[in-house]
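The values are calculated or read from the model by the stated rules, or taken from the named source; none is laboratory data. Since we're looking at a predicted model, the values are computed, not measured. For neighbour counting, all protein chains shown are included, and Cβ atoms are generated from backbone atoms with ideal geometry for every residue, glycine included. To get the accessible areas, we keep the full protein, side chains included, count just its heavy atoms, and leave off ligands, DNA and RNA. Shrake-Rupley method; radii C 1.70, N 1.55, O 1.52, S 1.80 Å.
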Amino acid sequence: MLQEERIARIQALLGAYARMSTERLARELSVSRETVRRDIVELEAQGALRRVHGGVVTTAAHAEPPFTQRQHLRAREKRAIARAVLPMLAPGQVILMDAGTTTGYLAEALCGMAGLTVITNSLGIAMTLARRTGAGESPRHEVILLGGSPHGDVPATYGGSTINEITRYHADLALLSPVGLSATHGATSYAHHEAAVAQAMAAQASERILLADHSKVGVVSRVRYASPKEIGRIVTNAHADADFEKELRRWRRTGVDVVLA
């Protein structure tokens, strides 16, 4: 990977997570820590980041990578997480789902079961679950698409109208896909409008299940929408990494049920 490509990737990661360790950056780029340090020095000279103990923090409000790009990142891990969630669900339940990429994979997995009421702000999730399996057949689930306004490149609704509609419902579960998941800071998102929807969904559910692949575990993004004590269960993928395992132990000590896909 050329330095220009590595620098663009580092900026994209900081746009999503705001803070990254040097070790995590080296893993994400599949290069040595020495190579990452050279890139960090270059970006700091440009004013694009600031070095802190153990890593870097962004100095600018970089946007997340495009939604279509994020959809294809770690697809195998996200599909495994989606499959692991299925045994936690039962016909008759009412669930809230936000417009994350991992919840999008869950929607595909839900097509193999029936009987749920799914309330979502995601156009993609709503259309996936509204599919009919054959001529004259009804959709497998009742789907409620929340009203509101589109925002950015994510095919979903946001804003005050969306929040107001969410407060009309009480759900058994909120299934949410955060940008960052830290045992110290809780569930976080990069964008304020996305965090507002997730926070409202979390408040209207009896239980909150967070779906996050390993790259999000231990990460803190800009806007918190659920504290650690408000989270009942985390579903993530198995990953051989000391920092990842340490973070999962922190979560378990808080009493949160951690499920590995």
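In segment 68-84, is there at least one residue being within 14 Å of the chain's Cα centre (by Cα), of a type in the set (D, E, K, R), modelled with pLDDT of 90 or more and surrounded by fewer than 22 Cβ atoms within 10 Å (Cβ to Cβ)? Within segment 68-84, one or more residues are within 14 Å of the chain's Cα centre (by Cα), of a type in the set (D, E, K, R), modelled with pLDDT of 90 or more and surrounded by fewer than 22 Cβ atoms within 10 Å (Cβ to Cβ).
Of the residues making up segment 160-205, those that are more than 13 Å from the chain's Cα centre (by Cα), at pLDDT below 95 and assigned to a loop (DSSP other than H, G, I, E, B) are A183, T184, H185. Any idea which residue in segment 226-238 is most open to solvent (accessible area, probe 1.4 Å), counting only those that are closer than 18 Å to D213 by Cβ and out of contact with any Asp or Glu (no Cβ under 8 Å at 6 or more places or on another chain)? Filtering segment 226-238 for residues that are closer than 18 Å to D213 by Cβ and out of contact with any Asp or Glu (no Cβ under 8 Å at 6 or more places or on another chain), the one most open to solvent (accessible area, probe 1.4 Å) comes out as A238.
Inspection of segment 215-235 finds no residue satisfying the criterion of being farther than 21 Å from R19 by Cα, assigned to a loop (DSSP other than H, G, I, E, B) and out of contact with any strand residue (DSSP E or B) (no Cβ under 7 Å at 6 or more places or on another chain).
Restricting attention to segment 1-30, the residues that are within 21 Å of P178 (Cα to Cα) and either in a loop (DSSP other than H, G, I, E, B) or β-branched (V, I, T) (or both) add up to 2. Pairing residues of segment 66-79 that are at negative phi with residues that are surrounded by fewer than 17 Cβ atoms within 10 Å (Cβ to Cβ), at Cβ distances under 6 Å and at least 6 apart in sequence or on separate chains, gives P66/D153; F67/D153.
Is it true that A60 is of a type in the set (A, V, I, L, M) and at pLDDT 80 or above?
In short, no.
H151 meets the conditions (1) open to solvent by less than 70 Å² (accessible area, probe 1.4 Å); (2) in contact with a Phe, Trp or Tyr (Cβ under 6 Å, 6 or more places away or on another chain) in every case but one. The failed one is (1).
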